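Supplied in structure tokens, the structure appears directly below.
The values are calculated or read from the model by the stated rules, or taken from the named source; none is laboratory data. Note that the coordinates shown come from a computational prediction; the quantities given were computed from them, not determined experimentally. Every residue, glycine as well, gets a Cβ built from its backbone with ideal geometry; the counts of neighbours run over all protein chains shown. Ligands, DNA and RNA are excluded from the accessible area calculation, which covers all protein heavy atoms including side chains. Shrake-Rupley method; radii C 1.70, N 1.55, O 1.52, S 1.80 Å.
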Amino acid sequence: MHGEDDAGMVEATEMTGKAEKSCPLHRPEPPRPASRPRDVSFLQWVRYFRQDILSAQPERLFRAKMAEFRTPFFHSFLCNDPDLVDLVLRGRPGDFPKSMRLFEGLAPLLGHSIFITNGEEWQRQRRIVDPAFESGRVREIYPAMWDAAVAAVARFAPVADDQPFDVEPYTSHLALDVIFRTLFSIPAENETASAIFTAFREHQRSRPLVNTGSLLPLPRWVPRLHGRKTRTTAAHIRSLIRQLVDEHAGLIAAGKAPDDLATRLMTTPDPETGTVFSAEDMVDQIGIFVLAGHETSASALAWALWLMGQHPDWQDKAAAEACKVIDPGKIYFSTVSRLKIARAIFNETMRLYPPVPMLLREAAKEEIFRKRRVPKGSQVVISQWHLHRHEDHWDNPHGFDPGRWNTDEGRESARRAFFPFSAGLRVCPGSAFAMTEGVLTLAMILRHYRVETVPERLPVPVAQLTIRGRDGLWLRLTQRDT
Ligand code: HEM
């Protein structure tokens, strides 16, 4: 299928030929933004893109195996074929380095952090970061996550009055609390931690951290300038993080440092070179842990709670499981593996609302994808937003059905077409951390509260740094009788 417009944007989509499937469950589908019309001019497309990366895509990408977009300035391939995704992420990741266009706004803040480096520099960082996040470490920091979940349950009490409220600021606070407690053994209410959070917000206002507009056809030779305000807020955040890093270095030197993630990161040598992160390296890395670790988890938990409001049957099952499995007197890591319903709900939430909706790579050399020539330098887009709802791989693709995670068919679909944490060498190092956090906090909240959606305030998902509700995610909360 081909479409071409006057302005010279060419779009070719390879279809699978499958018929549309109907929703077998007869339940309202969770909200998703309207896709753009099929044929639009180049300028209209740019306008859609600037609005939101999700609604800039045509509906047929939920059925296509690949789509090619050619504009006067860039050439991009959206890969929806699991074999291609595998090739790019696992097979030959070195030939498809991370494209930095999407993250240009991050440079003043994150310096040379692991999220935005490639090649040897990135490999060294990964060799130090991976051991700090392996699953054994998650067990050790679990009590800090538990404390954050208990604190979050208490913070919800004043809004458990059946009045509509936006849950996103609460899940953001919770995710940030988890990060600061596990990294630096301090709660989000700590003076420096909350100053960092406020400064992050200000920075985001001065320049959105992930700038979907930067994907637009701006020639590469145009310099990307960062405004004065952006540079000032970035420098302020970095100085606050430096303060925490220096305090921690003092504790390590005095032999009094807690066994938290920051201590691990600051003392683990690279097994190949024997070097450790310098204080300046740590500022780069902490910036991304705070950012990647809190925005993503906050988004997933907010959507999970919203979906619970829309599906009271699943909510009741999850609450019953939480009451049975969680014993407040016993802070056991093994509890999380017994929260099977909460895990299925959390997975199903990330299928429908993947916190990171798309990955961007670049072809380092010419390639052939599905018999098409992919010129060197082309953008390679891997879209969780589409693959997680792809009609070839999922029954009832836009419907909410945590039950699928307990079927062989559902597990096979997940193996082929579910990767909220990416895959391969650049897979999210925080995935075990995030799954533990997500499942535990969801269960803890549902154990105490009943949630309901607010019909007059149905959310519209938009991709900002992560997938959020355009005007928030509104719920009503009441205490649950336990
Ligand atoms: C539900 C929660 C989370 C989701 C869905 C998620 C998802 C992802 C994805 C998709 C990537 C790859 C991005 C790309 O290649 O362009 C990524 C990278 C990363 N994530 Fe996560 N993440 C989550 C939580 C966390 C947490 C809790 C941390 C740390 C505390 C973390 C730290 C990182 C880092 C450092 C990277 C960069 C890795 C690299 O480029 O080598 N993430 N994450």
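Please give me, ordered by residue number, the trypsin sites (Lys or Arg not before Pro) of the stretch 349-417 that lie in loop per DSSP and have at most 15 other Cβ atoms within 10 Å.
Passing both the DSSP loop test and the Cβ count: 365, 370, 371, 376.
Report the chymotrypsin sites (Phe, Trp or Tyr not before Pro) located in the stretch 69-101 that are in a DSSP loop and have at most 14 other Cβ atoms inside 10 Å of their Cβ, or state none. It would help to have the intermediate numbers written out before the result.
Numbers: sites: 69, 73, 74, 77; in loops: 73, 74.
Passing sites in the stretch 69-101 are 73.
Apply the a/c threshold of 1.5 to the C-alpha gyration tensor of the stretch 49-191 and tell me whether it is rounded, prolate or oblate.
Working: a/c = 2.22, a/b = 1.44, b/c = 1.54.
Oblate, because a/c is 1.5 or more while a/b does not exceed b/c.
On the accessible surface of the chain, probed at 1.4 Å, how many percent belong to carbon and sulfur atoms? Show your work: numbers first, answer last.
On the way: 10770 of 20130 Å².
Carbon and sulfur together cover 54 percent of it.
Taking the highest mean first, how do the peptides 324-330, 429-435 order by number of other beta carbon atoms within 10 angstrom per residue?
429-435, 324-330
Which of the GluC sites (Glu not before Pro) across the stretch 295-400 are loop residues per DSSP, with 12 or fewer other Cβ within 10 Å?
366
With the Cα gyration tensor of the stretch 335-389 giving a ≥ b ≥ c as the square roots of its eigenvalues, does the rule (a/c under 1.5 for rounded; else a/b larger than b/c for prolate; else oblate) give rounded, prolate or oblate? Walk me through the numbers before you get to the answer.
Working: a/c = 3.70, a/b = 3.39, b/c = 1.09.
Note, shape of the stretch 335-389 comes out prolate.
Quick one: which of 65/365; 229/365; 98/330; 340/371; 256/330; 256/324 span more than 31 angstrom between C-alpha atoms? Walk me through the numbers before you get to the answer.
Working: 65/365 22 Å; 229/365 38 Å; 98/330 43 Å; 340/371 43 Å; 256/330 27 Å; 256/324 39 Å.
In this structure, 229/365; 98/330; 340/371; 256/324 exceed 31 Å between Cα atoms.
Here is a further query. Considering only protein heavy atoms, what per residue accessible area in square angstrom results for the stretch 108-175 with a 1.4 angstrom probe?
Details: 2640 Å² over 68 residues.
Accessible area per residue, the stretch 108-175: 39 Å².
If you plug each phi of the stretch 463-470 into the Karplus form 6.51 cos²θ - 1.76 cosθ + 1.60 with θ = phi - 60°, what whole-Hz ³J(HN,Hα) values come out, in order, with x for Gly and Pro?
8, 9, 5, 10, 7, 10, x, 4
Related question: Could you tell me whether the stretch 354-482 comes out rounded, prolate or oblate from its Cα gyration tensor? Rule is a ≥ b ≥ c as square roots of the eigenvalues, rounded for a/c under 1.5, then prolate if a/b exceeds b/c, otherwise oblate. Write down the numbers at each step before the final one.
Details: a/c = 2.12, a/b = 1.90, b/c = 1.11.
Because a/c hits 1.5 or more and a/b exceeds b/c, the stretch 354-482 counts as prolate.
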